[in-house]
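The values are calculated or read from the model by the stated rules, or taken from the named source; none is laboratory data. Note that this is a predicted model, so its numbers are computed, not measured. So basically every Cβ, Gly included, is an ideal-geometry build from the backbone, and we count neighbours across all protein chains shown. SASA here: full protein model, heavy atoms, side chains in, ligands and nucleic acids out. Shrake-Rupley method; radii C 1.70, N 1.55, O 1.52, S 1.80 Å.
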Amino acid sequence: DRLDQGEATQNGSVDPALYRYNEKRSYLDGNFGVSYIGKKLEAQFSYLNLNHRRQKQLSTVDYSTFYSSVGYKFMLDESSLMSVKPLFAYRGIKGYRDQWDLAAEWSLDQLKLYTMYHSNKSFSGGMGFLYQRKVLLSMMYSTEPKGLQGLTGGNFDLILGYQF
């Protein structure tokens with residue numbers, strides 16, 4: 001991680017933490033995760049930031065410490081072209097209360113629609129297209145959490161996935 005000081009605003013240049021940002025030492029870090037993905041049931045768990053010494057070096061808060069989720073796919077028609085997969089996710093946040101998400105992935109053959117409500121009172125939605133059952137191209141938009149509205153305009157993600 002490096003910060004281009006030339007891009008910082010005038011107000012940011014007097015912030016001591018911002019000024020010393022590039023003096024941080026490099027570190028080794030990693031995450032651990034396991035997943036079970038069956039035809040209908042999906043369960044995931046990951047433990048993030050395995051390097052606890054790194055965590056002690058950082059004074060920041062609000063980064064994820066673990067993630068877990070469980071989902072189950074329901075077929076909506078006999079041809080198996082239409083389905084809905086509700087999903088519940090729960091994650092730990094350093095320096096903040098744990099958060100949860102309630103989501104659904106709606107599928108109509110190769111078209112995907114995503115909806116998600118977050119416990120921080122924000123909402124995500126999007127759509128995707130699965131090409132030849134191998135390549136997934138999706139886009140998602142997330143609103144700002146309650147209390148931060150008007151600061152960022154939300155978050156837009158473009159996702160490219162490939163299934164081996």
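Of note:
- At full extension, residue 68 and residue 141 could sit 24.1 nm farther apart than now, given 0.36 nm per residue minus the alpha carbon distance.
- Förster radius 41 Å - calculated FRET efficiency between residue 40 and residue 96 (Cβ-Cβ, nearest 0.05): 0.80
- Descending by average beta-carbon neighbour count within 10 Å, the peptides 108-114, 37-43 line up as 108-114, 37-43, the highest first.
- Gyration tensor verdict on the range 90-164 (Cα atoms; rounded if a/c is under 1.5, prolate if a/b is larger than b/c, oblate otherwise): prolate
- Calculated accessible area for the range 75-137 comes out at 61 Å² per residue, all protein chains present (probe 1.4 Å; ligands, DNA, RNA ignored).
- In this structure, the pairs whose alpha-carbon distance is over 23 Å, taken from 40/146; 39/112; 24/121, are 40/146; 24/121.
- Trypsin sites (Lys or Arg not before Pro) lying in DSSP loop within the range 78-108, provided at most 11 other Cβ fall within 10 Å: 97
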